[in-house]
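**Student:** Below you'll find the structure I mean.
The values are calculated or read from the model by the stated rules, or taken from the named source; none is laboratory data. For clarity, every value in this text was computed on a predicted model and none was experimentally measured. Every residue, glycine as well, gets a Cβ built from its backbone with ideal geometry; the counts of neighbours run over all protein chains shown.
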2 protein chains.
Amino acid sequence: MMSVNHTHNPALKSWVESANQPDSDFPIQNLPFGIFRRRGTSEPFRAGIAIGDQILDMQAAHAVSAFDVALDASLSALSLPKLNTFMSLGQGAWSAVREAVSAALAVGSSLQDTLAECLVAQSEAEYDVPAHIGDYTDFYTSINHATNVGKLFRPDNPLLPNYQWIPIGYHGRSSSIAISGHSFHRPNGQLKAPDAEVPVLAPCKRLDYELEVGIYIGTESPLGHPVKLADAEQHVFGLCMFNDWSARDIQAWEYQPLGPFLSKSFASTVSPWIVTMEALAPFRQSWTRPAEDPQPLPYLDSHDHRNTGAVNMHLEVLIQTAKMRADGVSPERLALSNFNQSYWTIAQMVTHHTVNGCNLKPGDFFGSGTQSGISRDSVGALIEATVGGREPITLSNGEQRTFLEDGDTVTLKGWCQNDSAVRIGFGEAAATVLPAIDY
Amino acid sequence: MMSVNHTHNPALKSWVESANQPDSDFPIQNLPFGIFRRRGTSEPFRAGIAIGDQILDMQAAHAVSAFDVALDASLSALSLPKLNTFMSLGQGAWSAVREAVSAALAVGSSLQDTLAECLVAQSEAEYDVPAHIGDYTDFYTSINHATNVGKLFRPDNPLLPNYQWIPIGYHGRSSSIAISGHSFHRPNGQLKAPDAEVPVLAPCKRLDYELEVGIYIGTESPLGHPVKLADAEQHVFGLCMFNDWSARDIQAWEYQPLGPFLSKSFASTVSPWIVTMEALAPFRQSWTRPAEDPQPLPYLDSHDHRNTGAVNMHLEVLIQTAKMRADGVSPERLALSNFNQSYWTIAQMVTHHTVNGCNLKPGDFFGSGTQSGISRDSVGALIEATVGGREPITLSNGEQRTFLEDGDTVTLKGWCQNDSAVRIGFGEAAATVLPAIDY
């Protein structure tokens, strides 16, 4: 795990003034990576680092030789349209770029005049999925979510016997992962009401979001080489916000015995910025589970891991309905949760994923699974908030929701905040539901 | 669906003599695509077409301008180290190359002297996975397999209610798909005996093969654009043999509620050659299901589809144990099956996969699921052949197997044969089990 170093110093300020606002997601202590270009242009996508309301264009910075030649390999990689090559360079390269950019963007830097020419306003940018995601694995690490959903699918058996032993996960569909700001059609699929004799093909009626943390693998783990828990985080590049849209009625009919398939593969949404594990160092926390629960098998447990395995990361879901948009009403919070309640940690996910010899590649992606607290206003999916659609929620403007309606925009946000460090944010993962297409 | 044309003419012979042997997998009527280089060299991988015991090196053929300039885009694509770009060019391009290569390799071709210089012996070649597989989906289309396995996991409820309505599938792991000829370590994983209180981390004791047909998507289907049944096969490039190695004990403990995960992701094996849908045209058959079974929903059904939806493709599993290898004993057949017994067709898989708007990309891959007949000598996995490991099978040399042992090599073969066409083959998908690594 990364240790807290001078790049986290709360006294650091940037000459990019907007980065010094206390509510900025992107102070100089953050420095997340993304892939962008000026909106509406045919410029090549390339890497940028968010700073305040600006983006430091890393290709432009390379072109003007802003940084030491020792960073040339990294800067060349950051000129490519995906982050995979940079990810593959490893923690040393990631840290060196962070260190150089932190110094260059700090008040008093001699590079201010040079790099001021390399800034692009975020308001003028469009983004792409920042990595080519080879394989995407969705985990299920929130025991509250597993219990809440389990009650609906299996009232007599909500939490399955393997849950407390295995970081349960399944393979997801990578082709339909899109960048924040997109919209997608409500999926058609086979639905079968419990009392119906046969299924029908129809638009999903129980469309839901899932509030997840996205995890990008940085460095490869070759086939046949399990990653030990102590080494696991070295392979992780960073985190983002992730919405694993879910069609609950399609899921209920299709998921036995091989798991969710078309109920998930129509769309998933990632936020543009990847916050590095190094940036998250001040927000690490101890990881524990109740003493009465089974403790992890040795390959998933260690003293160090228990000390620092968790991430104190606030997670928020907001909704803006079509009516709210028409009326000029801002998005409204549906839930507030925290990744530090996860029953399994990032390191445990990596180690378990590779214990069978499975390889991981740069740009591979994990979803954390829906992160739910216990109270109704802290659950990460409507199926939990509405108790399976039985208890609608009422929005401030009087509209009700059991599941999502056409025109709804759902936005996920995340941020880290504590008493000893500068708050850092993740930006947002937002997308809008379009009507189903005629089939 | 492709129609039978002159490239299938049984009277066609090649000037590559080995292609005219009746037992050759690769007569001039086949012409499958693969990715190869000379073994032990650092040559770039590029596309080849199998002919008899030779490979027509398409990069070399392009370099000597053997073909019409109208094929230049295809030949440039075939000079790349993966087939994805060629796949993306579509059925017209695939057919044009097939037609040109068929004419060029036929007895009497004026190109014989030129192309004779472009042949590489298969005995001197090594292969790579022929496409970059973005997403891999494993289906479950054999009702015999679903019933046999269902009996073991759920004796009271072997065939789930959705099976006859949905081409059940799940997302698989693409990173661990390897080319025939590899070996892999027996996976470690969490195992929990039914009478054990807690799981342990240990080498898999119930390692199995799965006899599957692999299906490569050729042309893209964009997000939000379902593929109608009548158009489905236009997106399919071709078929291969596929072994979806499975750790049954890991699977039994992990698979609820989200499906198989580490029980499958340690290794999968593809054969080197992709037999195109056009080459398979003479072997298409009517697809029916028993009148007493539910008939498919309209989006998965049509008159044309019933006429020609199936593929008459023989499938075989062979084993060679370490002892057999040491004693010079050839691989022994474990099962013989046929893809024409599949409860769901290729077109139904494509159409169902996209009905929710999910996109397909060139090089995406489907597994058909284990193809099992009814009799014990026609089932595509050991878990079926040994009734869950309770009834060992005895090999000719007296060795017994319930599940696979270290040193076992499993080989899958496939071929199409009928009275009106020349037999075509798929080559083989073979791999060897190594001992588990110490953890």
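**Student:** Checking the condition assigned by TED's automatic domain parsing to the domain that holds A:L297 and more than 30 Å from B:L262 (Cβ to Cβ), which residue from A:V350, A:V355, A:V329 passes?
**Tutor:** None of the others qualify; the one that does is A:V329.
**Student:** Considering only the stretch B:55-120, give the helices (runs of 4 or more DSSP H) lying wholly within it that have at least 1 residues that are within 23 Å of the chain's Cα centre (by Cα) and surrounded by 19 or more Cβ atoms within 10 Å (Cβ to Cβ).
**Tutor:** Here the list reads B:58-63, B:72-77, B:84-88, B:91-105.
**Student:** Quick one: would you say B:N356 is in contact (Cβ under 8 Å) with a residue 40 or more places away in the chain and in a loop (DSSP other than H, G, I, E, B)?
**Tutor:** Judged against the criteria, B:N356 is a match.
**Student:** Looking at A:I374, A:I424 in this structure, which one is at pLDDT below 95 and among the β-branched types (V, I, T)?
**Tutor:** The unique qualifying residue is A:I374.
**Student:** Only residues that are in contact with a Pro (Cβ under 7 Å, 6 or more places away or on another chain) and farther than 15 Å from A:M349 by Cα: list them for the stretch A:208-218, please.
**Tutor:** Scanning the stretch A:208-218 gives no hits.
**Student:** Working carefully through the options B:A267, B:A196, find the one that is surrounded by fewer than 24 Cβ atoms within 10 Å (Cβ to Cβ) and among the small types (G, A, S).
**Tutor:** Exactly one residue qualifies, and that residue is B:A196.
**Student:** Name every residue in the stretch A:351-379 that is buried (at least 24 other Cβ atoms within 10 Å of the Cβ) and more than 13 Å from every other protein chain (Cβ to nearest Cβ), in order of residue number.
**Tutor:** Answer for the stretch A:351-379, where residues must be buried (at least 24 other Cβ atoms within 10 Å of the Cβ) and more than 13 Å from every other protein chain (Cβ to nearest Cβ): A:S368, A:Q371, A:S372, A:V379.
**Student:** Same structure again: For the stretch B:393-439, enumerate the residues that are β-branched (V, I, T) and either in a strand (DSSP E or B) or under 30 Å from B:A279 (Cβ atoms) (or both).
**Tutor:** Within the stretch B:393-439, B:I393, B:T394, B:T409, B:V410, B:T411, B:V422, B:I424, B:T432, B:V433 qualify.
**Student:** Something else about it: With the condition kept exactly as written, say whether any residue in the stretch A:86-96 is in contact (Cβ under 8 Å) with a residue 12 or more places away in the chain and under 19 Å from A:V120 (Cα atoms).
**Tutor:** no
**Student:** Given (1) touching a Lys or Arg at 6+ places or on another chain (Cβ under 8 Å); (2) at the interface with another protein chain (Cβ under 8 Å from one of its Cβ atoms); (3) closer than 25 Å to B:L336 by Cα; (4) not hydrophobic (A, V, I, L, M, F, W, C), where does B:P158 come up short, assuming only one miss?
**Tutor:** Condition (2) is where B:P158 drops out.
**Student:** Next question, about the same structure. I need the full set of residues from the stretch B:185-200 which are over 10 Å from B:W253 (Cβ atoms) and among the basic types (K, R), in order please.
**Tutor:** If the condition is that a residue be over 10 Å from B:W253 (Cβ atoms) and among the basic types (K, R), then B:R186 is the only one that fits.
**Student:** Pairs please, first residue from the stretch A:377-404 and on the phi < 0 side of the Ramachandran plot, second anywhere and modelled with pLDDT under 95 and among the polar types (S, T, N, Q), Cβ atoms under 6 Å, 6+ apart in sequence or on different chains.
**Tutor:** A:E384/A:N148
**Student:** Follow-up. Taking the stretch A:165-219 as the search range and keeping residues that are of a type in the set (F, W, Y) and assigned to a loop (DSSP other than H, G, I, E, B), which one is farthest from the other protein chains (Cβ to nearest Cβ)?
**Tutor:** A:Y209
**Student:** Turning to a different aspect of this structure: Among (1) more than 21 Å from B:M241 (Cβ to Cβ); (2) touching a Cys at 6+ places or on another chain (Cβ under 8 Å), which single condition is B:L395 missing?
**Tutor:** If we test B:L395 against (1) more than 21 Å from B:M241 (Cβ to Cβ); (2) touching a Cys at 6+ places or on another chain (Cβ under 8 Å), just (2) comes out false.
**Student:** Test of understanding: among B:A252, B:A230, which residue is within 27 Å of B:T402 (Cα to Cα) and either over 22 Å from the mean Cα position of the chain (by Cα) or at pLDDT below 95 (or both)?
**Tutor:** Among B:A252, B:A230, only B:A252 is within 27 Å of B:T402 (Cα to Cα) and either over 22 Å from the mean Cα position of the chain (by Cα) or at pLDDT below 95 (or both).
**Student:** In the stretch A:289-307, which residue that is away from chain B (no Cβ under 14 Å) and within 22 Å of A:E212 (Cβ to Cβ) is surrounded by the fewest Cβ atoms within 10 Å (Cβ to Cβ)?
**Tutor:** Per the stated criteria, the residue is A:R289.
**Student:** Please list, ordered by first then second residue, the pairs with beta carbon atoms under 6 Å, 6 or more apart or interchain, first in the stretch B:174-200 and within 18 Å of B:P272 (Cα to Cα), second among the aromatic types (F, W, Y) and surrounded by 19 or more Cβ atoms within 10 Å (Cβ to Cβ).
**Tutor:** Matching pairs, first to second residue: B:S174/B:Y136; B:I179/B:Y127.
**Student:** Quick one: in the stretch B:220-265, which of the residues that are in a loop (DSSP other than H, G, I, E, B) and among the hydroxyl-bearing types (S, T, Y) is nearest to the other protein chains (Cβ to nearest Cβ)?
**Tutor:** That would be B:S265.
**Student:** Do you know which of the residues in the stretch A:401-439 that are hydrophobic (A, V, I, L, M, F, W, C) and within 14 Å of another protein chain (Cβ to nearest Cβ) is surrounded by the most Cβ atoms within 10 Å (Cβ to Cβ)?
**Tutor:** A:A431
**Student:** Looking only at the stretch B:66-108, which residues are farther than 16 Å from B:Q234 by Cα and of a type in the set (D, E, K, R)?
**Tutor:** Answer for the stretch B:66-108, where residues must be farther than 16 Å from B:Q234 by Cα and of a type in the set (D, E, K, R): B:D68, B:D72, B:K82, B:E99.
**Student:** Is it the case that the stretch A:228-237 has a residue that's free of Cβ contacts under 8 Å to residues at least 24 places away in the same chain and either surrounded by fewer than 24 Cβ atoms within 10 Å (Cβ to Cβ) or not assigned by TED's automatic domain parsing to the domain that holds A:L78 (or both)?
**Tutor:** Taking every residue of the stretch A:228-237 in turn, at least one turns out to be free of Cβ contacts under 8 Å to residues at least 24 places away in the same chain and either surrounded by fewer than 24 Cβ atoms within 10 Å (Cβ to Cβ) or not assigned by TED's automatic domain parsing to the domain that holds A:L78 (or both).
**Student:** Take B:T394 and tell me if it is within 14 Å of another protein chain (Cβ to nearest Cβ) and under 27 Å from B:M324 (Cβ atoms).
**Tutor:** Spelling it out, it is not the case that B:T394 is within 14 Å of another protein chain (Cβ to nearest Cβ) and under 27 Å from B:M324 (Cβ atoms).
**Student:** Yes or no: the stretch A:37-48 includes at least one residue that is modelled with pLDDT of 95 or more, over 30 Å from A:H303 (Cα atoms), in contact with a Gly (Cβ under 8 Å, 6 or more places away or on another chain) and not in a helix (DSSP H, G or I).
**Tutor:** Within the stretch A:37-48, one or more residues are modelled with pLDDT of 95 or more, over 30 Å from A:H303 (Cα atoms), in contact with a Gly (Cβ under 8 Å, 6 or more places away or on another chain) and not in a helix (DSSP H, G or I).
This table checks each residue for (1) surrounded by fewer than 18 Cβ atoms within 10 Å (Cβ to Cβ); (2) among the acidic types (D, E); (3) not assigned by TED's automatic domain parsing to the domain that holds B:D408.
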site: B:N157; (1), (2), (3): yes, no, no
site: B:Y163; (1), (2), (3): no, no, no
site: B:P167; (1), (2), (3): no, no, no
site: B:R173; (1), (2), (3): no, no, no
site: B:H182; (1), (2), (3): yes, no, no
site: B:V200; (1), (2), (3): yes, no, no
site: B:K205; (1), (2), (3): yes, no, no
site: B:E210; (1), (2), (3): no, yes, no
site: B:V213; (1), (2), (3): no, no, no
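**Student:** May I pose another question? Count, please, the residues in the stretch A:294-323 that happen to be assigned to a loop (DSSP other than H, G, I, E, B) and closer than 23 Å to A:Q164 by Cβ.
**Tutor:** Adding up the residues that qualify gives 9.
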